[in-house]
Amino acid sequence: MVLKAVILIGGPNTGTGFRPLTLDVPKPLFPIAGHPMIYHLIESCSQVEGLDEVLLIGSYQSDEQELKNFVSSVRKEFHLNVRYYQEFAQLGTAGGIYHFRDQILSNEPEAFFVLNSDICGEFPLTEMLQFHREKRQGADYHHKEVYTMLATEATRQQSHNYGCIVNRKETGEVMHYVEKPETFVSTSINCGVYLFSQHIFQHLSSAFKDKQSRPNFESKLPPTYRDESISLEKDLLMELAGTDKLFVYHTDSFWSQIKSAAGTIYANRNYLKIYRHKRPERLRSNTDHGPQIIGDVWIHSSAEVHPTATIGPNVSISKGAVIGAGARIKESLILESAHVHDHACILHSIIGRDSTVGAYTRVEGTPNDPNPDKPFSKMEVKGLFNSNGQLNPSITIIGSRVQVPSEIVVLNTIVLPHKDISGSEMNKIIL
Ligand code: GDD
């Protein structure tokens, strides 16, 4: 039985909360725990037996070099048929699926997964498939039209930032679904991972035709331009709730959205933890002649880390980076070809591609982790500024090709690419 997966990678105009990190790399390719964000999703898909094709759908230009390189490298590494399909405009979370239906339906897949790209976690795709098949085989469902969505638990206060699900406890059948409700609906939230059978295209077709026949007063497009976007959440899930066809598979494993730059440090920590349990060979360990490693650390084989540096916990150091003598790095991402000079200290920060941090400089940010005292707490996506117009404390981000001088302190600051800093900086955005 053929299985496929679709990953919704958005486009240059989505993922704006992620700036300035997306100014020189598409968000889905931002490296976390040594690999692009969507690499982890493709790796999870590759572990599902029978799944041999992954379609990336988005509105990035198809000649985007990094995307092309990524597609060819994952094809080889996972022996999967990975392809990118470009939408002619942003078609929403289901418009692209409908538009590329022929490509999805070729070889008559039994079912296909759909995954949002800005999520991280330990995705129980095989278990979800087994649950989906059981529901299909269930005597009551002779129509065999079954759809499954992955859900997890959130706090009551945070649930309204997600799709909220009310389901029957015994069967998992979704009775009610509301996308980002203003009032409380449920603490069971949509993880942005679905398993659909091909019947879904009948519903998408009706949603499409229905939209085309109605004037769209919300659209900013000229009236002559037909809006072909479809929302998976509003036009599909809300319609399918209560029809006896949509089911929820609940997970308690790690899952999070990646909506902000701070989210990458949190995702990095959790992916490194997964490596520790499942792929320990990916993590760096202490050796007689290497740097001191504390906790979970990933270092690219081409990076040069001085033996007197101390790295970790929860650090990823990308290709070609250089870390000097006595440097101290903790809870941070050091991106490609960045250079951290001797005795510099980097805490809760991201050092961009080709940037340098001078000797004895301290670059430090403030973590924005989920509240550990609240069960099921998720990361909050805080705005840049508080109600008084002051910058909220955040991780420090040094954009690409920035020179941070020696012997200064940079605290809770965001530096855009190609900017230079002349002295110590605190709670600032340097534009
Ligand atoms: N191809 C394509 N085209 N992808 C898109 C488009 C589009 O026009 N718009 C958004 N996406 C992708 C984004 O890149 C992201 O991976 C995913 O679709 C969802 O993005 P959003 O529309 O920003 O929704 P959200 O992340 O705020 O909420 C969704 O995900 C939550 C879980 O993370 C919803 O599905 C929620 O219900 C859910 O709880």
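Read-outs: derived from the displayed coordinates by stated rules, not from any lab. Being a predicted model, the structure only gives us computed values, none of them experimental. Cβ atoms come from the backbone with ideal geometry, glycine included; neighbour counts cover every protein chain shown.
Quick check on the exposure proxy: order T396, T126 from fewest to most C-beta atoms within 10 angstrom.
Fewest-to-most ranking of T396, T126: T126, T396.
With no solvent and one point per C-alpha, what does the Debye sum give as log10 I(q)/I(0) for the chain at q = 0.13 Å⁻¹?
The computed values of log10 I(q)/I(0) come out as -1.18.
Per DSSP H run of n ≥ 4, the term is -39500 (n - 2.57); total these for the chain, divide by its residue number, and report the mean residue ellipticity at 222 nm rounded to 500 deg cm²/dmol.
So the calculated ellipticity at 222 nm is -6000 deg cm²/dmol.
How many angstrom separate the Cα center of the range 148-180 from the Cα center of the range 73-147?
20
What is the sum of charges, Lys and Arg at +1 and Asp and Glu at -1, for the other residues whose Cβ falls under 12 Å from the Cβ of A111?
Summing Lys/Arg as +1 and Asp/Glu as -1 gives +2.
When you take every Cα atom in the range 3-257, what is the radius of gyration, and what is Dmax, the widest Cα pair distance, in Å?
Values for the range 3-257 (Cα only, Rg and Dmax): 17.8, 52 Å.
For A94, what is the net charge nearby, where nearby means another residue's Cβ is under 14 Å from its Cβ and Lys, Arg count +1, Asp, Glu -1?
Charge balance in the 14 Å sphere: -4.
As a footprinting exposure proxy, order E77, E173 by other Cβ within 10 Å, with the fewest listed first.
By the 10 Å Cβ count, ascending: E77, E173.
Nearest 5 is fine: what % of DSSP beta bridges in the chain come out antiparallel, could you say?
Looking only at bridges with both residues in the chain, the antiparallel portion is about 25 percent.
Which percent of Cα-Cα pairs in the range 284-430 sits in each 5 Å bin, short to long?
Per 5 Å bin, starting at zero, the Cα-Cα P(r) for the range 284-430 comes out as 2, 10, 19, 23, 17, 13, 9, 5, 1, 0, 0 percent.
State whether the range 264-347 is rounded, prolate or oblate according to the following rule on the C-alpha gyration tensor (a ≥ b ≥ c being the square roots of its eigenvalues): a/c under 1.5 gives rounded; otherwise a/b larger than b/c gives prolate, and the remaining case gives oblate.
It is prolate, given that a/c is not under 1.5 and a/b is the larger ratio.
Taking amide H atoms as placed 1.01 Å from N in the peptide plane, list the residues 5 or more away in sequence, or in a different chain, whose amide H sits under 5 Å from that of G163.
Those lying under 5 Å, H to H, from G163 are K180, N190.
Using a simple spin-label model with points 7 Å from Cα along the Cα→Cβ vector, what separation in nm is obtained for E108 and R279?
3.5
With a/c under 1.5 counting as rounded, go ahead and sort the range 14-144 into rounded, prolate or oblate using the C-alpha gyration tensor (a ≥ b ≥ c being the square roots of the eigenvalues; past the cut-off, prolate if a/b is larger than b/c, else oblate).
prolate
What's the center-to-center distance, using Cα atoms, between the range 254-285 and the range 320-369 in Å?
Here the two parts' Cα centres lie 18 Å apart.
Taking the number of other C-beta atoms within 10 Å as the exposure measure, put I351, I258 in order starting with the fewest.
I258, I351
For a quick check of your reading of the filter: which GluC sites (Glu not before Pro) in the range 352-428 sit in a DSSP loop and have no more than 13 other Cβ atoms within 10 Å?
E407
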